[in-house]
Amino acid sequence: MRWPCLSVIYCAFLWPGTLTAQNDPLAQPEPAPLAVILETAGQVMVTFAGDPGPLPAEEDMNLGPGDRVATGANGSVTISLRDEHFVRLGGLAALTVREIRSDQVAGGIWARLDLARGKLLAVVASLTSADSRFEVSTPTAIAAVKGTAFQVVAGRKSSTISVLEGAVAASGIRDDSAPPEELEVKEGFETEVDAKTRRPGPLMKFFNNEKRRKARVALSEF
């Protein structure tokens, strides 16, 4: 785990004359963490970038670029991104925070999350800043949104992107130089990206079936 305040306290003891942030009128407050674990259930492990091994996840644990979160069979975890956007992982999921940054003035956020396996449910607030982007990638697909609620399931043979509210731009991850084919998936529809074709499949409705009902229940609980 990171302990950013230890070095500050240590220096204050070494140099009694040094101004602390509380006494310095010019000192800027530290920005709030961009990604924080809100709650966990069951087995949830976090591997911080550069650390040798995983640690049990804890509430209020900060996450940054390169950090990885993995859940056990009965595990789940909810992550807050700048207190506006929320991600929940189900059992047997693995997620890496590839990139996350924020414009404190304009209020924009740029987040790229890699879902190696498992199910992810995301609720993304409206991204009003022009340079904001919220993106979830799997081994075969990319889901990019601008304010919506959606679900991504990453498997070895395919990935499924389902939209509960709003719209998602779905595309496949291509190995060649050809530009990826992008498909807009609107509310109540989903698409499957096959590992072989790396292209979004036809849109399929899932409003009136059991999967849609479960997704709605999960969203309301979220």
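The values are calculated or read from the model by the stated rules, or taken from the named source; none is laboratory data. The shown structure was predicted, so the numbers you read here are calculated from the model rather than taken from an experiment. Cβ placement follows ideal geometry from the backbone for every residue including glycine, while neighbour counts extend to all protein chains displayed. Keep in mind that these areas ignore ligands, DNA and RNA; they rest on the heavy atoms of the full protein, side chains included. Shrake-Rupley method; radii C 1.70, N 1.55, O 1.52, S 1.80 Å.
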Residue in segment 19-37 that is of a type in the set (A, V, I, L, M, F, W, C), in contact with a helix residue (DSSP H, G or I) (Cβ under 9 Å, 6 or more places away or on another chain) and modelled with pLDDT under 95 present | yes
Give the residues of segment 150-199 that are closer than 22 Å to Ala94 by Cβ and touching a helix residue (DSSP H, G or I) at 6+ places or on another chain (Cβ under 7 Å), sorted by residue number.
-> Gln151, Ser162
For segment 128-157, how many residues meet the condition of being open to solvent by 20 Å² or more (accessible area, probe 1.4 Å) and either at pLDDT below 85 or assigned to a loop (DSSP other than H, G, I, E, B) (or both)?
-> 10
Restricting to segment 73-92, what's the tally of residues that are over 12 Å from the mean Cα position of the chain (by Cα) and open to solvent by less than 10 Å² (accessible area, probe 1.4 Å)?
-> 1
Can you pull out the residues in segment 200-213 that are buried (at least 16 other Cβ atoms within 10 Å of the Cβ) and modelled with pLDDT under 90?
-> Phe206, Arg212
Among the residues of segment 47-70, count how many are in contact (Cβ under 8 Å) with a residue 24 or more places away in the chain and open to solvent by less than 60 Å² (accessible area, probe 1.4 Å).
-> 8
